[in-house]
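The values are calculated or read from the model by the stated rules, or taken from the named source; none is laboratory data. Keep in mind that what you see is a predicted model, and the values were worked out from it rather than measured. In this analysis, Cβ positions are derived from the backbone assuming ideal geometry, glycine residues included, and neighbour counts consider all displayed protein chains. Quick note on the areas: whole protein, heavy atoms, side chains included, nothing else; ligands and nucleic acids left out. Shrake-Rupley method; radii C 1.70, N 1.55, O 1.52, S 1.80 Å.
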Amino acid sequence: MSGRDARDRAPRVKNRAPAAVQITAEQLLREAQERQEPSIQAPKQRVQDLEELSEFQGRKRNEFEGRIRYSRDSIRAWIKYAQWESSQYEFERARSVFERALDVDPRSTELWLKYTDMELKARNINHARNLYDRAVTLLPRVDALWYKYVYLEELLLNVPGARQIFERWMQWEPNDKAWQSYIKLEERYNELDRASAIYERWIGVRPIPKNWVTWAKFEEDRGQPDKAREVFQTALEFFGDEEEQVEKAQQVFAAFARMETRLKEYERARVIYKFALARLPRSKSASLYAAYTKFEKQHGDRAGVELTVLGKRRIQYEEELAYDGTNYDAWFSLARLEEDAYRADKEDGEDVEPTRVREVYERAVANVPPALEKRYWRRYIYLWLQYAAFEEIDTKDFDRARDVYKAAIKLVPHNTFTFAKLWLSYAYFEIRQLDVTAARKVLGAGIGMCPKPKLFSGYIELEMRLREFDRVRTLYEKFLTYDPSLSSAWIQWTQVESAVEDFERVRAIFELAVQQSLDMPEIVWKAYIDFESGEGERERTRSLYKRLLERTSHVKVYISYALMEVSVLGGGEDEDGNEIEGEAGDPELARAVFARGYKDLRAKGEKEDRALLLEAWKTFEEQHGSPEDLAKVEEMMPTTRKRWRKAEDGSDLLEEYWDLIFPDDERDANPTSFRFFQAAQQWAAQRGGDEGEGGLSYDLPSDSDDEDEDEGEGEGEKDAEAMDEDD
């Protein structure tokens, strides 16, 4: 294995610090330029007499002849040879060289141009004319030769000669620039009639829309609007009235309308726009519509502007729907657009038919969602609802609106999913037609085919408005038979019965509800308790709390129970307006509930709930208790300590957390240390009373860890034992 020599490697840069003197790229380039060797220059030759000149010319001619003999097809060599001869004022020889070159390549445009330039520099005008004449005869498709020829004649003020050259050129039907050059020549010499005739010949050769517009603009600029209109009319007759022909002539229509606008013939311009737009599909006339919209905004009335904008937006929505027929947002926008147009026409007093609106809705609802999933049908159903609302509100065709509702209900796959809003909208439509029986049949059919909580709720609300309480009770029975776990339905039923003051039925409903497997039983119990407390039934309320505590021991239940015991129940006003005093509460019973709750939560080890209960108990004692009772509760209040425990992720690391420490727990867990700390606090309190200084805090330092706590507990036990021995 052959390796590279270490000496061939690039040296490793050890010191990468910047140099003390920095060199710029400009300095490097300047030094490189200065150090270049001077180029070799040919020695200068001085010709002293005619003999030396003849010798020099002969030597140069031999060199040129040798070059063209070596590469006969090199036109560059021939041109250099001829230009050198012309620089020696040997024009005959130069012409001879050019003619010899033309024998080699007579179609070289560069050769003809150099030949004519040589003659023009030598002021041989007739020679140049002859050369241009020969060149354009031989190469009639080379525009540069024609331009040079025409420029020469015009420069010599030979306008008839230039016109004659153009006529020869036009016989070959050149491109548009050549025709425009001819027209500009006539315009420079104010021969406008000749220019118009040239335009006519040009159109005969190249009848494209751009040339028609250019001709009409020329006639307008020279003050011949009638002639311009004639040009446009001829152009439109030439292109025809078919769709493809009008599409091709859009530029002519737009220019014609703009000209009429400039001439303040607004009605003519409007007719032109409408004529073109009526024969073009909307997808192919976007630019023409944009021009028409701008025209109407500037010169039209409000109705015209609105109609134009309406057409433009129709095109936009139709393009979106052509791409995706299930784009229901676009269908909504298009239907709303057509509805607004229909309403505007009705407000203007026109007798219009809603045919276009109905057509849009029929096309929209024909695009049924491809999948039987409710999320695809949500927007689609609103199309039916909006269609029915339009028929009911705008057209007042109630039979057609009813048919729309029936068709929508028939289309929805109710075995898979349904829409309560559709059933309720249909039912309320029948209510507005004063046919309550039909509305009940609709909702009954909906509940029978596809029961749904929202459908039950809507039916019940309808019967409540009609004050049919027996029907409401029947519906609630069917509703809760369908789904007995709905807590909200049970509560709503009790509210209905409370409104008719059938309290025994309310209690029966609540009793039946709490025996069910509810989705949210807590709100049913709360409603039941609120009902009994609102009626002033303290014993019934107390019984409910006890039954609830058998099922759950939540801290909020205890707090609510205790506050109920201390609150005033009942009261209000009688029929004569006299105020009735309620039954006052008993703080001792409330205090007993707090104590029971604290004991229960302590047994279950719920520290956060105990803290919440103590806070509520403290607030209660501040309002209803004595200072001794308040102090007793404050002694039970917990303190916070920072502790360490193993992380929950399974690692051996320790994490810091805050723990609640209750005095009761400390007394039971460490009775000796607790008595010691209690004695220390009493001593600190006595000392603070004597000296006016602060006492000893029960809280341990927040940054103490488990080891410090263990040491402190050990020391406390020793001190406590020493105190016992002294006693």
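Under the combined filter of DSSP loop state and at most 12 neighbouring Cβ atoms within 10 Å, the stretch 372-466 retains these GluC sites (Glu not before Pro): 373. Centre-to-centre, using Cα atoms only, the stretch 462-496 and the stretch 603-621 are separated by 39 Å. In a reduced charge model with +1 at each Lys and Arg Cβ and -1 at each Asp and Glu Cβ, the chain shows a dipole moment near 8760 debye about its Cα centre.
Using a probe of 1.4 angstrom and keeping all protein chains present, the accessible surface of the stretch 610-657 works out to 65 square angstrom per residue. For residue 599, a cut-off of 24 angstrom between C-alpha atoms picks up these lysines, skipping any fewer than 8 places away in its own chain: 526, 546, 556, 607, 618, 632.
For the stretch 155-226, report the convex hull volume of the alpha-carbon atoms normalised per residue, in Å³, without decimals.
Value for the stretch 155-226: 86 Å³ per residue.
Of the residues 479, 552, 492, the one whose Cα sits farthest toward the positive end of the charge dipole of the stretch 475-573, with +1 on the Cβ of Lys and Arg and -1 on the Cβ of Asp and Glu, is 552. Of all lysines in the structure, the ones whose alpha carbon falls short of 30 Å from that of residue 410, not counting any fewer than 8 places away in one chain, are 374, 396, 421, 441, 452, 454, 478.
For the stretch 492-649, a/c is not less than 1.5, where a ≥ b ≥ c are the root eigenvalues of the C-alpha gyration tensor, and a/b does not top b/c. That puts it in the oblate class.
Rolling a 1.4 Å probe across the protein heavy atoms gives the stretch 235-279 an accessible surface of 57 Å² per residue. Using a Förster distance of 45 Å, how high is the FRET efficiency between residue 432 and residue 596, based on the Cβ-Cβ distance and rounded to 0.05? Computed FRET efficiency for residue 432 and residue 596: 0.15.
When the Cα positions of 514, 254, 683 are compared along the charge dipole of the chain, 254 comes out farthest toward the positive end, with charges on each C-beta of Lys, Arg, Asp and Glu.
At a 1.4 Å probe radius, carbon and sulfur cover how many percent of the accessible area of the chain? Before the final figure, lay out each step's value.
Working: 21370 of 44700 Å².
With neighbouring chains kept in place, the figure for the chain is 48 percent.
Kirkwood radius and radius of gyration were both taken over the C-alpha atoms of the stretch 369-523, and their ratio Rg/Rh is 1.03. The stretch 127-144 and the stretch 343-382 have Cα centres separated by 72 Å.
Net charge near residue 23: determine it from the other residues with C-beta under 11 Å of the C-beta of residue 23, scoring Lys and Arg +1 and Asp and Glu -1.
Working: positive: 30; negative: 26, 31.
Net charge around residue 23: -1.
Taking the chain on its own, what percent of its Cα-Cα pair distances exceed 37 Å? Mind dumping the intermediate values first?
Values: 199044 of 263901 pairs.
Tail fraction, whole percent: 75.
Sorting 519, 664 by accessible area puts them as 519, 664; the probe is 1.4 Å, largest comes first, and only protein heavy atoms count. Computed from label points 7 Å out along Cα-Cβ, the spacing between residue 470 and residue 511 is 2.5 nm.
Sort out the exposed loop chymotrypsin sites (Phe, Trp or Tyr not before Pro) in the chain (DSSP loop, at most 12 other Cβ within 10 Å) and tell me the longest stretch that has none. Mind showing how you got there, number by number?
Details: sites that count: 89, 172.
It works out to 173-727.
What do you get for trypsin sites (Lys or Arg not before Pro) in the stretch 452-503 restricted to DSSP loop and a cutoff of at most 10 other Cβ within 10 Å of the site's Cβ? Please list the in-between numbers first.
Details: sites: 454, 465, 467, 471, 473, 478; in loops: 467.
Sites meeting the loop and neighbour criteria: 467.
Considering only protein heavy atoms, what per residue accessible area in square angstrom results for the stretch 433-526 with a 1.4 angstrom probe? All intermediate terms of the calculation are to be shown ahead of the outcome.
Working: 4960 Å² over 94 residues.
Per-residue accessible area for the stretch 433-526 comes out at 53 Å².
Straight-distance candidates among the lysines for linking to residue 60, with alpha-carbon spacing under 16 Å and chain neighbours fewer than 8 residues away dropped: 44, 80. Accessible surface ranking for 103, 49, 1.4 angstrom probe, highest first: 103, 49.
Note on exposure: 96, 196 ranked by accessible area (1.4 Å probe, complete protein assembly) read 96, 196, with the most exposed listed first. Accessible area of residue 600 (1.4 Å probe, protein heavy atoms only, ligands and nucleic acids ignored): about 40 Å².
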